[in-house]
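Just so it is clear, none of the values below were taken in a lab; they were calculated from the coordinates. What you see is a predicted model, and the numbers here were worked out from it, not measured in a lab. Glycine also receives a Cβ, built like all others from the backbone with ideal geometry; neighbour counts cover every protein chain displayed.
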Amino acid sequence: MESHKKQSEDGILIGNQIDKNQLANPISRRLVKQFDKALFTALDAVRPSSIHEIGCGEGRLARQLSHRYPVEILASDFSSTLIQENQQNCPPLVTFKCISVYEINQLEDNRDTIICCEVLEHLETPEVALQAMARLGARAYIFSVPHEPIWRGLNILRLSYLKDLGNTPGHLNHWSYNRFIVLLRTCGFTVEKSYNPFPWIMVRASLTK
């Protein structure tokens, strides 16, 4: 799939700034591999009977999930451009849907396990998005966001985005681990386990009872 670096839709950057399937830097490839391993470890722990990946972007994770878990997978994103491209190369058991996280509803979009990776940092109102996900009533949730200020520090070390002090384009929110946990608790989630593949925060959570 083509790179969507710096492409925008409705004034919002879409997809990843870097194509994670074609990383030239061996360190970057290793970090992404560790991220994927942590995600699979979290999913193996909950044994999902169905999955909804919210904010699927170019569909990299959805395709990996389809090879590993023989369950129904819904993959959604607000970008019609990305969803149309995903639908042209759609793996079995995966349905791609164009919908904003703010518009998801319990009747149509709930699945056993909800995945939301590298999405919340892009949202103007992440609290509203988390509350919408909580209303789905899923059995398990997996969230990931960049671990700040480590993320921006690494960007500065590799001389990237220096004018923005290392902030990746499109990142509106910046959380340390403790601040992210407080955010999740405020929005109705209980963190069951932290994985945190460097330099991300990743947690498995459930709804607070």
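Using a simple charge model, +1 on the beta-carbon of Lys and Arg, -1 on the beta-carbon of Asp and Glu, nothing else, what dipole does region 94-209 show about its Cα centre, in debye to the nearest 20?
Around 340 debye, computed over region 94-209.
So in the chain, what percent of DSSP beta bridges are antiparallel if you round to the nearest 5?
Antiparallel bridges: around 40 percent, rounded to the nearest 5.
What shape does the chain take by its C-alpha gyration tensor, where a ≥ b ≥ c are the square roots of the eigenvalues and a/c under 1.5 counts as rounded, a/b above b/c as prolate, and the rest as oblate?
Judged from the Cα gyration tensor, the chain comes out rounded (a/c under 1.5).
May I ask which residue of Phe198, Ser76, Ile115 lies farthest towards the positive end of the charge dipole of the chain, with charges of +1 (Lys, Arg) and -1 (Asp, Glu) on Cβ and the Cα centre as origin?
The Cα lying farthest towards the positive end belongs to Phe198.
In whole Hz and in residue order, list the ³J(HN,Hα) couplings for region 32-45 that follow from phi through the Karplus curve 6.51 cos²θ - 1.76 cosθ + 1.60, θ = phi - 60°; x for Gly and Pro.
5, 4, 5, 4, 4, 4, 5, 5, 5, 4, 5, 5, 4, 5
Could you tell me the center-to-center distance, by alpha carbons, between region 116-167 and region 193-209 in angstrom?
12
Please give the FRET efficiency for Glu72 paired with Leu107, using the beta carbon to beta carbon distance and R0 = 22 Å, rounded to the nearest 0.05.
The formula returns an efficiency of 0.90 here.
Taking a ≥ b ≥ c as the square roots of the eigenvalues of the Cα gyration tensor of region 30-145, is the shape rounded (a/c under 1.5), prolate (a/b larger than b/c) or oblate?
rounded
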